[in-house]
Each structure stands twice: as C-alpha cells, then as structure tokens.
C-alpha cells in the first residue's frame, strides 16, 4: 500500500509525523482510492457530515441563549427569535437542519439497500450506521422537546410512556426517566443534557463508520470488488471532493429554501403554543421523519407488542446483512429484488403517510397491511430471493459495466486502450 | 445530472406525502393578497400601523402580547412608527414597576423597553373575566394555528347565524372557520369600529386584513430580513453551484467516466 510509504517532504513534517502520523492520515484521506463510477446517491455521506457539523455549530450557539427550565424555555426560544442577533436564522437552520439531516440519512440508507452496501465485507459499517441512526432519532426527539411547546410536551409524554409497556418494571422506569410523576422540569433538563451529549457520540461513531469504510473501500453501483488503486479508481481528492461539493451545494439550495422561505412548514403549529399539561392536543404526531415507526407502533393493538414491533422495525436492519442471502450486491443485477426494493420504498412512504393520520378506520387498516409487509420484506422475501432469484451476469470490472458480447463493450475497451 | 433531477423529485414527493396539511380538516379559508408572501415579500407599513391600532383598540382588551416590547414598534421591518410615536404609545400605558426603596410597587408611564402591558394579571384572572375561556396570547398566534394568516383572517369574518341543528350555550358563538365551529369569543369586529387616521374605510374585511398582517409581523418580526437574506443566499448558492459544476466537469474530463 502506497500510503504506508508516505513521507512528508520537510524535516519538521517528518519529525512530527514520526511521533503523530497525522500527515500520513491526511495523505491517506486525499489519496484514498474511490471507485470512479460512484453516482450521486453516493454523495450523501459527505452531505451528512455537513449536516452533523451544522447541527453542532448552530446547536452550540442556541445553547448559549436557551434556558432549560419549564417556565422559561418557551420564552427563551422567543427571545432567540426576536432579540438575539440573527437568532431566527440560527434557530431555523437548526430546526430545519434536523429535517434535512433525516432526509439525507434516509437517502443514504436506501442507497445502501439498493446497491447492497451492507453486505460482506461491510457489515460493521452498516451496523455502526444503524447505531448512528438510532442516536439521531433520540437526539431529534429530545431536541423537539426543548422549545417546550404543546407538541414537545405531549410528544415527550407519549414516547416516554412507551416504556411503561415493559412488564413489572415499566412504571418505575417511566418515573425514573421523568425524574418525577409526570413530564416536567427535571425531564426537560435531562433531555437538554442528553440532547447536547448525543451529537458528540454520533461524531465519534461517524469517525468509526468512515474508518470501517476505509478498510474495504467504497461499494459502487456495479457492486463488485475492485482492485485499488487501479484504473477503476480515482483519488478522493480532487475527484470525489469536487463531486461531493457540487452535490452538497445542490442540497444547500433546498436547505436554504426551507430556512428562508418555509421555515415552519415541516414543524407542527401546536408547538408555537406553550406546553400546557392540562390541555391535550387533538392529534399528537411526531416529526415527519419518525412517522413510519409511529405508524408501526399504532398498528399493533397491544401496547407492549406495539413497542416491540416498532423497535424490531429498526433493529431488524442491524441483522440485514444475514437476512439477505444473495451473493450479488447491486440491485442492478437482481431484477426481482429491484422490484421488491421499490415496493419497500412505497411501503415506508405509505407508513409515513398513515402515521400522520388518526389511527382509525381505513388508515389503521392500511397501517396494519403496510406494517405486515415491512416485516415480510425483511424476514421472508429477502432470504428467499437469495435462493430463488435468477440474477443477471455481473461484469468483471467496473470499466466493463456492460454485458459481454454487447457492442458497447468493444467501444468501452477502445476508449480504455486510448487512455492507456 | 438526470439522477439529480430524479433525486430532487423524490425529495419533493417525500415532503409532500408527509405534509401535515393532509391531517387538518379541509376548510376553504378566505383568500386575500398578502404583501409579505413570496420571494420578496414585505409588510405593508400602513397596514401594520392600522393593524396595531385594531389590536390595541379592540383585541388588547382581552388578548395579551407578552413577547413584544414597545421598542419593537419603531424597529425596522415592523410598523416603523417613529421613535417619538413609539415613545408616546408606550407612555400612554401604565406600567407597574418596583419595588422602590420603600419596598412599594408603583406605577409609571411605559417606556420603549417595556413589554406590552397585559390586560390581565394572570391566566386565572383572564379566565375569570371571560367565562372560563382563556384568550390566547397573540405574540405568535398565526404560527400556532394550522391555517396561519388565512385562518385568522377567515375566522375574524366567519361569524354566522348558527344552523338550526347546532345548539349553542350561553356565551358561545358560531364561526364557520373555528375548529368545531364553536367559539367563546363574540364577533370582535364590526364595520366602522375603529377610526383609521389615514382615512381608510374600516370595514370588517379591511380591519381583519390589517390586524392579521400585524399578527404576522408580531410572530415573525424578522420576516423581511429573512426574505432579503434568503434571496441573496440562494442566488449566491446557485452561482457557486454552476461554477463548481464546470470545475467538476473539467477535473473529471481527465478520466473516462461520466459525472
């Protein structure tokens, strides 16, 4: 490996690098051989890093002005919106940034599902990703509680009450979580503390996630192992840096549109009403990114089983590398999986939709069917497909992403020989 | 590039399919042309000043606005009363201050730095004076209601004779835009209720529009600054994106691969 041969040019650089090989690390990151056929779905890793840093920076700034107290939290948020210089900008970036973060993470996860990025040898990257995703949900949920509006308060009440479903110790756990006998000031202060802590845990896990990625290298749209470095790869810098940068800018335009022109469209109006333990909102709904799981929770008539179903819906992803029995990674060469993949996407969108609706009548029926299908996909369809599916022939290298014998192949080879 | 368009259409579908607007019961609100909507939306200064007049002469007898200060009335992007006008407005209110060196509370004329004086001392007093219903604080009211400005604008004009199948208790009124159609607030506006200094005809429709504009500003005092900065930020991002796109094309032209 060339990176181990790296030696800084200057004497000072060598002296430093022999003691702490940061320059070797920087060299590894810039030279990191990346498959050259990565499409734009692969740019979301960089976008997510941007989202995390944005949330941390804006969050730190907000924390300088926010007051974590049940009597003052709502007012302090209004203080930020009105009297802190550009407080409205920082808060709207932070609030919409959470939505943008989840939008990007869902695309990132579904990209992985399509191209089989979770399969051997990338299981650890995938599992780290699922842990990050779980922590993101915890951070987002607790963050939504901090403005202490009606949806904050009642959302916190509903979600913490889920723990009461645990037999025997459930009630005790809920009291322990609340720090009292209802959601109140002690709940708010601990949520604030944890909301502040979790992003740094995520940051640490992101480092591990990227480290684990850099061992086997990126998967790619063709889904085959590639030699690296080779003519199938390009160095991370400048090729991937500029491409990720371009995609990030496109993403930022969408982000900016929400922040400047529709800053409250993704939130719920009730959260501009100060928390009132005596008045329950007509519909308690979580933020949009949690709706599919909320739908699964409510589709099960039994409380405990509902909680189990909701948690399983997330944890099942962690064992996905072993549920998917197909040796072929990319859905490009799996005609049947490709169809089931899109059905799953539709299924999750439907779950999200019914999650926002009252759990009754037709909506409840749809939620139940969609929940059943969600588990069917992972527990039955995926394992069986691996044995039954007739996959398409896979090319030997990504410079030959076309089937042998096709006229395109000759053209592709021609181009290559010119390059060499 | 094709992929990118696909991607953004999917983003829009996801957002649209999860929009809470589906969750609300569909009522067609009255529409009017709000000057503050759109890329360059700004408040109509005269309308804000009239709206403040409606608020202070009508709404303020029951509804507080506890997050606003009198100084806000003279700040850029708002009604932009002159500082002298704002001072005079503040001075027309009695503010309780203290304790003084004798330990006594005392009243004095309001100052720019004072918060809007509240009509009631506390929520209980407000409820007691209003048949048990609490008139909500109006500071962020338009953001706290699903239909936003259109809802408030419609509600103010939505009072009707109750249909024969609806029975109303004492002190409850029928409003076709209110959630559940029953409201504890009597119709607050009637033609000619206030006398506008600028000669505008004070119809219910006009007052509704003015006071709703004022409430939009009170909920989003930095809306104009936000729109202005947003336009600049997005234009900047688009130009930068185009430049980066061509740089990317140039860099990737060194290898046989599509971007």
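What follows is calculated from the coordinates using simple rules that are stated; it is not laboratory data. Keep in mind the model is a prediction, meaning the values are calculated, not measured. Methodologically, a virtual Cβ is constructed for each residue, glycine included, from the backbone with ideal geometry; neighbour enumeration extends over all protein chains shown.
Quick notes on this one:
- Helix A:361-376 and the longest principal axis of the C-alpha atoms of chain A enclose an angle of approximately 40°.
- Computed from Cα positions, the angle between helix B:204-219 and the longest principal axis of chain B comes to roughly 70 degrees.
- log10 of Debye I(q)/I(0), alpha-carbon scatterers only, for chain B at 0.08, 0.11, 0.12, 0.14 Å⁻¹: -0.47, -0.77, -0.86, -1.07
- Amide N proximity, region A:107-139 versus residue A:338 label position 7 Å along Cα-to-Cβ, cut-off under 15 Å: A:114-116
- Each Cα pair under 8 Å and six or more residues apart adds its separation to the average, and for chain B the resulting relative contact order is 23 percent.
- Projected area averaged over orientations for the protein assembly as shown, convex hull of C-alpha atoms, nm²: 39.5 nm²
- Inter-part distance, region A:76-130 to region A:345-395, computed on C-alpha centroids, equals 24 Å.
- With a cut-off of 17 Å on the backbone N, the residues of region B:206-247 near the modelled label site 7 Å out from residue B:200 along Cα-Cβ are B:206-219.
- When shorter helices are ignored and each DSSP H run of at least 4 residues is given -39500 (n - 2.57), the per-residue value for the protein assembly as shown at 222 nm works out to -17000 deg cm²/dmol.
- C-alpha long axis of helix B:223-252 to longest principal axis of chain B, angle in °: 10 degrees
- Likely footprinting exposure, A:178, A:211, fewest C-beta neighbours within 10 Å first: A:211, A:178
- Note on region A:1-107: the C-alpha convex hull projects to 11.2 nm² when averaged across all orientations.
- Rg to Rh quotient for region A:195-243, alpha carbon positions, Kirkwood Rh: 1.11
- Build a GNM of chain A with springs between Cα atoms under 10 Å apart, and of A:139, A:63, A:356 the one that fluctuates most is A:63.
- Debye equation applied to the C-alpha atoms of region B:213-259, log10 I(q)/I(0) at 0.24 Å⁻¹: -0.83
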